Amino acid sequence: MAQMTMIQAITDALRTELKNDENVMIFGEDVGKNGGVFRATEGLQAEFGEERVFDTPLAESAIGGMAVGLAVEGFRPVPEIQFFGFVYEVMDAISGQLARLRYRSGGTQSAPVTIRAPFGGGVHTPELHADSLEGLMAQQPGLKVVIPSNPYDAKGLLISAIRDNDPVVYLEHMKLYRSFREEVPEEEYTVEIGKAAVKREGTDVTLIAYGAMVQASMKAAEELEKNNVSAEVIDLRTVSPIDLDTVLASVKKTGRVVVVQEAQRQAGVAAHLISEIQERAILHLDAPVMRVTAPDTVFAFSQAEEVWLPNHSDIVEKANEVINF
Amino acid sequence: MKRTLEGIEDQFEMFQILNEDGEVVNEEALPDLSDEELKELMHRMVYTRILDQRSIALNRQGRLGFYAPTAGQEASQLGTQFALEKEDFILPGYRDVPQLIWHGLPLYQAFLFSRGHFHGNQFPEGVNALSPAIIIGAQITQAAGVALGMKRRGKKAVAITYTGDGGTSQGDFYEGMNFAGAFEAPAIFVVQNNQFAISVPREKQTKAKTLAQKAVAVGINGIQVDGMDVLAVYAATKDARERAINGEGPTLIETLTYRYGPHTMAGDDPTRYRTEDMDSEWEKQDPLVRFRKYLEAKGLWSEEEENKVIDQAKEEIKAAIKQADAHPKMKVSDLINNMYEVLPSNLKEQLEVYKEKESK
């Protein structure tokens with residue numbers, strides 16, 4: 001075991017799969033010699049060579065298109081989109097092409113591609129870096145969308161993503177990269193895609209979150225505890241497909257639910273999840289399922305970021321609303 | 001002193017071997033093709049012309065669906081494909097079904113593609129190609145990837161991709177060529193400049209005088225070819241292929257051609273944007289007419305020979321339509337099963353719903 005930050009766990013996963021499978025190929029902007037703008041690919045080009053870890057010209061659409069072509073040739077591409085706000089430049093390659101390859105070819109071709117990208121607020125980036133755009137991805141059939149909240153899951157989920165024979169969008173919250181360390185096994189292991197984790201057991205209210213909002217929810221749960229409210233916290237880990245079994249088991253136990261997302265309120269993962277909950281468990285609910293989200297503006301200019309982003313106090317407030325309904 | 005570069009287009013003079021009367025105008029460029037190969041090339045052009053005529057008729061009878069007519073473009077389509085080997089990989093646009101057929105796609109599957117049945121895209125083992133791209137330009141960045149993959153695998157093969165004059169305006173066109181160039185990947189980018197992107201004329205796509213010169217900006221080879229001259233198209237593609245597998249990087253080939261028919265059979269009316277004069281000017285340059293003249297002068301082709309091909313084509317088209325008719329109907333449950341290797345819970349649930357519906 002070693003103490004690792006999330007970014008170290010990600011590098012460790014990439015190294016593990018580069019070693020395991022010679023078809024794994026990592027490419028993107030600045031991922032080679034520079035090791036990525038966050039150093040996620042630090043040292044990998046030196047270790048595995050320029051044919052397997054390499055820089056591309058600066059064009060997201062072609063990075064995505066090239067991943068399709070390499071997949072067709074039997075490779076297992078792991079392209080990086082430098083910041084997920086740049087995904088608009090590569091939407092067709094992801095949603096129009098990668099996600100549809102298996103379907104379009106009647107199952108004769110597949111795209112075992114893992115697209116990695118940093119996102120997430122709280123680090124004062126310029127515009128179009130930090131946006132939570134997982135909802136766009138989750139709406140696309142054919143993709144899986146994974147968002148780890150801690151170093152252990154980050155490694156296990158990334159190894160699963162790379163081994164998956166379908167395309168996975170793997171989103172890394174920038175605020176979590178170096179915010180804490182935890183024990184991460186040095187050997188290889190996987191965390192199953194599509195399985196949520198119960199991070200904290202409770203009986204009065206369920207807080208469902210993913211990414212950086214898991215930590216905020218844990219902090220909220222601690223505060224609620226002080227007022228004798230027992231909160232259960234679920235980390236979705238995968239936002240498409242969503243692990244409804246874990247969610248519904250908790251809903252049936254607590255009868256009260258708050259869904260937390262860093263993304264804006266309109267459309268999105270939380271809205272979808274709430275529909276599923278009310279369709280499948282309405283008679284178990286003692287209050288409407290509520291949401292904690294950012295407001296429906298474009299991602300905040302950095303001076304307003306702290307207020308714009310949901311935080312643990314917002315979650316506590318909403319949990320109390322649900323409990324006192 | 002001029003501080004800007006001018007006259008790039010002068011370096012892209014149209015490459016031609018046969019003029020419109022079927023006379024050799026460029027003896028030294030004549031490709032090394034045997035009599036049998038020359039006849040096979042003519043066979044394919046005649047066959048494909050008949051296939052186009054029958055496809056249009058079948059579409060009008062409601063027996064085919066989406067169809068983009070090909071007449072006029074046979075030299076561009078089949079001349080490029082004829083220069084390929086089986087292991088080469090084709091990334092076609094939606095008008096490029098003939099290349100897939102001559103690369104090994106069974107005709108009945110091409111018809112199923114037109115009818116909107118996924119079996120049309122289930123290419124048999126060994127047919128190295130993707131199904132036709134609908135998004136203009138997507139296939140160009142993908143070609144860079146396939147080509148890089150081939151290079152990494154040490155294959156002596158190329159990725160060839162097709163688009164039209166309109167496609168050259170897409171950002172992906174530049175990006176794909178630029179990536180392939182930067183990685184010195186064995187790719188061939190074919191632009192069939194048929195003068196119109198649906199209705200928008202070539203002059204409105206770009207201020208560039210030729211489309212071939214777009215190779216200059218990315219530092220790859222570019223050539224403009226008479227796209228009605230199958231020997232010139234073949235020779236240019238053969239050269240490009242050789243350079244690519246020798247590690248000399250990609251080539252952009254612009255073929256000057258014309259589609260006689262509408263953009264697709266879904267209601268396009270070319271009289272809204274083309275004149276009869278223009279149509280007849282291009283028809284004078286017909287690729288079949290000039291190649292036929294060339295072969296007849298060499299004693300390699302006759303009316304009898306041509307009629308044999310026409311009969312064979314009609315026969316095989318009929319049989320392929322029958323085979324397409326007999327193919328099992330597509331079900332939504334099939335589509336669900338083709339979404340992922342392992343179905344997630346939402347689709348598992350939905351699969352049960354559709355299986356139930358389909359069992360009634």
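The values are calculated or read from the model by the stated rules, or taken from the named source; none is laboratory data. Keep in mind it's a predicted model, so treat the numbers as computed, not measured. Neighbour counts are summed over all protein chains in view; Cβ atoms, including those assigned to glycine, are modelled from backbone coordinates with ideal geometry. SASA here: full protein model, heavy atoms, side chains in, ligands and nucleic acids out. Shrake-Rupley method; radii C 1.70, N 1.55, O 1.52, S 1.80 Å.
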How much length would be gained if the chain were fully extended between B:Glu358 and B:Lys86, taking 0.36 nm per residue of separation minus their Cα-Cα distance, in nm to one decimal?
93.9 nm
For segment A:118-180, what D do you get in µm² per second when you plug the Kirkwood radius from alpha-carbon pairs into Stokes-Einstein at 20 °C and 1.002 mPa s?
170 µm²/s
Across every pair of different alpha-carbon atoms, what Kirkwood hydrodynamic radius in Å does chain B reach?
21.5 Å
Against the longest principal axis of chain A, how steep is helix A:268-281, in degrees 0 to 90 to the nearest 10, with axes from Cα atoms?
50 degrees
Could you pull out the pairs from A:Lys252/B:Lys348; B:Lys238/B:Lys314; A:Lys155/A:Lys253 whose alpha carbons sit more than 26 Å apart here?
B:Lys238/B:Lys314; A:Lys155/A:Lys253
Counting only DSSP beta bridges fully inside segment A:2-184, the antiparallel percentage to nearest 5 is 15 percent
Suppose each label sits 7 Å from its Cα in the direction of the beta carbon; what would the B:Gln11-A:Glu47 distance come out to in nanometres?
4.4 nm
Name the residue from B:Leu288, B:Ala326, B:Ala313 whose Cα lies farthest towards the positive end of the charge dipole of segment B:282-339, charges +1 on Cβ of Lys and Arg and -1 on Cβ of Asp and Glu.
B:Ala326
By accessible area of protein heavy atoms, probe 1.4 Å, what ranking do B:Met330, A:Met4 get, highest first?
B:Met330, A:Met4
Kindly express, to the nearest 10 degrees and within the range 0 to 90, the angle between helix A:244-254's C-alpha long axis and the longest C-alpha principal axis of chain A.
20 degrees
Give me the percent of DSSP beta bridges within the protein assembly as shown that run antiparallel, rounded to the nearest 5.
15 percent
Using alpha-carbon positions, what is the distance between the centroids of segment B:103-178 and segment A:110-186, in Å?
30 Å
Helix B:303-326 versus the longest principal axis of chain B: what is the Cα-based angle in degrees, 0 to 90, to the nearest 10?
30 degrees
Long-range share for segment A:2-184, i.e. C-alpha pairs more than 31 Å apart as a percent of all pairs, stands at 8 percent
What's the average, rounded to a whole number, of partner chain beta-carbon atoms within 10 Å of each residue's beta-carbon in A:70-76?
6
In Å and on Cα atoms, what radius of gyration and Dmax does segment A:183-325 show?
15.0, 48
Report the one residue of A:Thr41, A:Thr56, A:Asn150 whose Cα lies farthest in the direction of the positive end of the charge dipole of segment A:2-184 (charges on C-beta: Lys and Arg +1, Asp and Glu -1; origin at the Cα centre).
A:Asn150
Which FRET efficiency value, to the nearest 0.05, is calculated for A:Gln303 and A:Glu223 with the Förster distance at 35 angstrom and r the Cβ-Cβ distance?
0.80
For A:87-97, B:333-343, B:135-145, ranked highest to lowest by mean beta-carbon neighbours within 10 Å, the order is B:135-145, A:87-97, B:333-343
Taking each residue of B:119-126 in turn, how many C-beta atoms of other protein chains fall within 10 Å of its C-beta, and what is the average?
3
What is the magnitude of the charge dipole of segment A:229-325 about its Cα centre, with +1 placed on the Cβ of each Lys and Arg, -1 on the Cβ of each Asp and Glu, and no other charges, expressed in debye to the nearest 20?
280 debye
If you average the alpha carbon positions of segment B:1-47 and of segment B:248-307, how far apart do those two centres end up, in angstrom?
14 Å
How big is the charge dipole of chain A about its Cα centre, in debye rounded to the nearest 20, if each Lys and Arg gets +1 on its Cβ and each Asp and Glu gets -1 on its Cβ?
560 debye
Restricted to segment A:197-324, the DSSP antiparallel beta bridge percent, nearest 5, is 20 percent
Given charges of +1 on the Cβ of Lys and Arg and -1 on the Cβ of Asp and Glu, with all other atoms neutral, how large is the dipole of segment B:165-252 about its Cα centre, in debye to the nearest 20?
220 debye
Across B:145-157, the residue-averaged tally of Cβ atoms belonging to other chains within 10 Å stands at 5
Pairs to check: A:Lys144/B:Lys329; A:Lys144/B:Lys156; B:Lys204/B:Lys318; A:Lys19/B:Lys151. Give those whose C-alpha atoms are more than 32 Å from each other in this structure.
A:Lys144/B:Lys156; B:Lys204/B:Lys318
Tell me what the protein assembly as shown gives for mean residue ellipticity at 222 nm when only DSSP H runs of n ≥ 4 count, each as -39,500 (n - 2.57), the sum divided by the residue total, rounded to 500 deg cm²/dmol.
-12000 deg cm²/dmol
Cα-only Debye scattering, the protein assembly as shown: base-10 log of I(q)/I(0) at q = 0.10, 0.11 Å⁻¹:
-0.97, -1.10
The farthest towards the positive end of the charge dipole of segment B:114-180, of the residues B:Ala157, B:Phe179, B:Ser169, given +1 on Cβ of Lys and Arg and -1 on Cβ of Asp and Glu, is B:Ala157
